[in-house]
Amino acid sequence: MFCNAIPPVANGSNLNGGLELESSCFIILVLVLYSCSSFLGVALLLARSSVLRHSVQASKADSLMHLENLYCSLFPVVCLPDVCVRQLRSDERCELNQLGGVCVCRRPAIVDDSTKQAAVVDPVEPEKILRVAQENGVALKLVLTTHHHWWDHAGGNDKIKQLVPDIKIYGGSVDNVQGCTNKVENGDKFSLGVDINILSLHTPCHTKGHISYFVTGKDGEDPAVFTGDTLFVAGCGKFFEGTAEQMYQSLCVTLGSLPKPTQVYCGHEYTVKNLQFALTVEPENAKVSEKLKLAEQKRNEGVPTIPSSIEEELETNPFMRVDLPEVQEKVGCSSPVDALREIRQRKDNWRG
């Protein structure tokens, strides 16, 4: 195209001039083709990005992109005082069924039976949550946001505030949580209905303002903690905005000091892979092997491995076992923090 814009060589022009012109045209043509290929590459990348974006938007319930993993499972609902869980596939109808204390929904929710008031944790699909709440006579009053990552934790806050204008949205005071109306810090307490009390625990490292929510019901019932991306079953979140020292404090001191029966509801279903990795740290740990078999069985049956408990995590989670000299020795470290840092680095590079 560009060569056509160059005047042709007149008869009698020297051959060298013609060759130079042809060479110039050839160079220009190569440059054009290179530019076109580059443009095409960019276009393909943009198209792929658009497809991925729309794909993610179309299937948030099943495959939300997360920097920790490509798979993000659906969350269960948790009803207190009967703390319980079941997980839905995307093609199942979302209901609040009582199955021997088991309540069913997509995202973690806390329901006060006396008042039918509810709190929901990290609601990225607010329309579905609101529909289920309305179908079951539950009034959404609170949103508990663990951290600011919008794609799988805080992204539904603005929408749920539009749908329920008087709802309160809690989030860490230094975490810049989308749509937050009530900023909380470590130790802040608030309640839901008559019987539910909620304690905010600052658990930084994955993000600097990450909050875990410790929830208690009536006397005699096991408490629960919603740990977002700080503590997973047999794992922990990546150190995106913090240090090994902070993660040690969050996991082993703050969460590790909770009552052992506390039910652990984390942000993602990474259990099988986490337990497989845990065996690379402690291959002789029989409790890890037993829990892995159970987790694999549950996943094959299409049910979640969540919740765990603080007691189970202290027995099977390598990141919460770094105080043990034998664990430190296995990873070549002499302090809990160094061991935690080393295990996290190994996990980051692990391709199991």
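FYI, it's all coordinate maths here, none of it is from the lab. What you see is a predicted model; the values in this text were computed from it and never measured. For neighbour counting, all protein chains shown are included, and Cβ atoms are generated from backbone atoms with ideal geometry for every residue, glycine included.
What length, rounded to one decimal in nm, is gained on full extension from V174 through to E245, with 0.36 nm per residue of separation minus their alpha-carbon distance? Spell out each step's value before the answer.
Numbers: separation 71, 0.36 × 71 = 25.56 nm, distance 1.85 nm.
Result: 23.7 nm gained on full extension.
Could you check the spin-label model distance between K218 and V303? Points 7 Å from the Cα along Cα→Cβ, value in nm.
2.5 nm
At 7 Å along the Cα-to-beta-carbon direction for both T280 and W151, put a label point, then send me their distance in nm to one decimal.
With each label placed 7 Å out from Cα toward Cβ, I get 2.3 nm.
Assuming 0.36 nm per residue, please report the length gained on full extension of the stretch N136 to K287 beyond their Cα-Cα distance.
In short, 50.5 nm is gained.
Gain in length, D188 to K116, computed as 0.36 nm per residue apart minus the alpha-carbon separation, to one decimal in nm? Spell out each step's value before the answer.
Working: separation 72, 0.36 × 72 = 25.92 nm, distance 2.33 nm.
23.6 nm is the gain from fully extending D188 to K116.
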